[in-house]
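Have a look at the structure below before the remarks.
Just so it is clear, none of the values below were taken in a lab; they were calculated from the coordinates. Nothing here was measured: the structure is a model prediction, and the numbers come from that model. A quick note on method: Cβ atoms are made from the backbone with ideal geometry, for glycine too, and the neighbour counts reach across all protein chains shown.
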């Protein structure tokens, strides 16, 4: 899931203060903490109060979208509402903001969130933790399910650095567990330290260059086209 953090209300207001009517779009997708219809309504109320302190009147409406990052869902859900509004404020991650600007090019969409990282919720500690860097070259099959790129502050590929003390990383003041110690402990438990000792060459950053593209079902599509041509 995408872990997000809401922007300061003053920063959001600065983006939309020149508009009189705004549409606030929540998202029911994977962004966490949840930013759906209730959160959209609260944001609308806060922006309205902020406008009043400047002697302005701000009209707003709150909706929510199943997944703002899906072009068809975003377009069909939001399009019926935009005719009477000057701008959109999105509570999705950055993907949703980009998508709304793409499928609704005649109106500007502004972000109400900062996208922090891809991670998961640790309910026991009431926190969200980064577990995946989405690097395009997954190696956690060799590291006991612990990602050295998302888990190691220095992105090391072959064991811990000299800044590790008692299993803790120097980055963060020795409060965060060293990912490489976690890997060693995990692999030792399953008698697979052979994987820990495996040398990993320099990271190939070509797998994570921007912008990235991925064509889905390409082989199936080509095969289908060939069958059609053969039939003709």
For the chain, longest principal axis from Cα atoms; helix 218-231 axis from its Cα atoms; angle between them, nearest 10 degrees, is 70
With a Förster radius of 30 Å, plug the Cβ-Cβ distance of residue 161 and residue 66 into 1/(1 + (r/R0)^6) and report the FRET value to the nearest 0.05. 0.10
Helix-only [θ] at 222 nm, the chain, -39500 (n - 2.57) per DSSP H run of 4+, per residue, nearest 500, equals -9500 deg cm²/dmol
If eta is 0.692 mPa s and T is 37 °C, what Stokes-Einstein diffusion coefficient results for the stretch 133-200, Kirkwood Rh from Cα pairs, in µm²/s? 272
Which percent of Cα-Cα pairs in the chain sits in each 10 Å bin, short to long? 7, 23, 24, 20, 17, 8, 1, 0
Helix 94-103 vs. the chain, principal-axis angle (Cα, 0 to 90°, nearest 10): 50
Determine the gain in length on full extension of the stretch residue 49-residue 205; use 0.36 nm per residue of separation and subtract their C-alpha separation, reporting nm with one decimal. 51.5 nm
Taking every pair of alpha-carbon atoms in the stretch 85-214, what share in percent sits in each 5 Å bin, from 0 to the bin with the longest distance? 2, 9, 14, 16, 17, 13, 10, 8, 5, 4, 2, 1, 0
Between helix 179-189 and the chain: long-axis angle, C-alpha atoms, 0 to 90°, nearest 10: 50
Using the Cα atoms as the points, what is the convex hull volume per residue of the stretch 2-116 in Å³? 79
